[in-house]
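S.K.: Quick one: the structure is below, and I'll ask about it shortly.
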Amino acid sequence: MPRGKFYEDYMGIRKMAQRITREREEAFRALPEREKARLRPRILPEPVKAAVARGEKRLFEVLRDEKDWGAGRLVTRILWQTRYPEPCYWRLTKVIPDELAEERDFGDAWGVRTWRGICENTERKITKANRTHGWWVVPTEKEEEFCRVPEDSTHAEERKAPYEVPVPPLLRAMMLAEQQKQGADLVEPMMPIRISKAPANRASQVSWAEYQDWLKEKENAK
């Protein structure tokens, strides 16, 4: 059966569509990784979908409507306000929006964090600002009230942690038996511990004896 003009037109259009698809795929592969990530369709995790449904926004979605992208302003998250009685926020010091973002909702921001009423006094980058939801800008006239620490807050109290702690009883018996078997002087087995050096961790490390004395002082003070 002879093929008519319709078939020829159809095949020509099909080949043109295939050529355009190939060209678009080649152009996409040549793009930088950052631009590829922006153009790919985003599959949101369930918690993020729920936050979007509630109207919660990412950091740059609230900063894009502020003067100078909110530099110098206080920003916080709804989650922090519902979880801690003390104020938690960032004082923005530098904001660089992503000029390639079509809706101006991505970028990098730096600031000084105050966590549970204690200022860290160091500027650092706000991590996960483009992924976490529930951000909002504290109104300027409400900043003083917002930053006030509750009088009954105990978060700022002194905290200590020991350098080492006694090993469990069974392990202690085994280690003492081993020392005795080797004829060495018996030394109380202790297990060293390490604590986080993050700015949010304010505990200072002391010896086990000092730690026990500190606990007794706290108990007597009650």
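The values are calculated or read from the model by the stated rules, or taken from the named source; none is laboratory data. Since the model is a prediction, treat every value here as computed from it, not as a measurement. Note that each Cβ is placed from the backbone with ideal geometry, even for glycine, and that neighbours are counted across all protein chains shown. To get the accessible areas, we keep the full protein, side chains included, count just its heavy atoms, and leave off ligands, DNA and RNA. Shrake-Rupley method; radii C 1.70, N 1.55, O 1.52, S 1.80 Å.
S.K.: Pulled fully out, how much extra length does the chain show between LYS197 and GLU145, if you take 0.36 nm times their separation in residues and subtract their Cα-Cα distance?
M.R.: Working: separation 52, 0.36 × 52 = 18.72 nm, distance 3.07 nm.
Value of the extension gain: 15.6 nm.
S.K.: Mind ordering 184-196, 133-145 by average Cβ neighbours within 10 Å, highest first?
M.R.: 133-145, 184-196
S.K.: From the phi angles alone, apply the Karplus equation (6.51, -1.76, 1.60; θ = phi - 60°) to segment 205-221 and give each ³J(HN,Hα) in whole Hz, x where the residue is Gly or Pro.
M.R.: Calculated HN-Hα couplings, in order: 8, 9, 5, 4, 5, 5, 5, 5, 4, 5, 5, 5, 4, 5, 5, 5, 6 Hz.
S.K.: When ligands, DNA and RNA are left out and all protein chains stay put, how many square angstrom of accessible area per residue does segment 140-222 have with a 1.4 Å probe? Walk me through the intermediate numbers first.
M.R.: Numbers: 6760 Å² over 83 residues.
About 81 Å² of surface per residue is accessible.
S.K.: Could you pull out every residue, at least 5 positions away or on a different chain, whose amide H is within less than 5 Å of the one on ALA161? Hs are placed 1.01 Å off N in the peptide plane, and Pro or chain starts have none.
M.R.: Under 5 Å from the amide H of ALA161 lie the amide H atoms of SER204, GLN205, VAL206, each far enough along the sequence or on another chain.
S.K.: Can you give the net charge of the other residues whose Cβ lies under 11 Å from the Cβ of GLN179, counting K and R as +1 and D and E as -1? Write out the running numbers ahead of the final one.
M.R.: Values: positive: ARG172, LYS181; negative: GLU178, ASP185, GLU188.
With Lys, Arg at +1 and Asp, Glu at -1, the neighbours total -1.
S.K.: Just to confirm a number: summing +1 for Lys and Arg and -1 for Asp and Glu over residues other than LEU59 whose beta-carbon lies under 14 angstrom from that of LEU59, what do you get?
M.R.: +4
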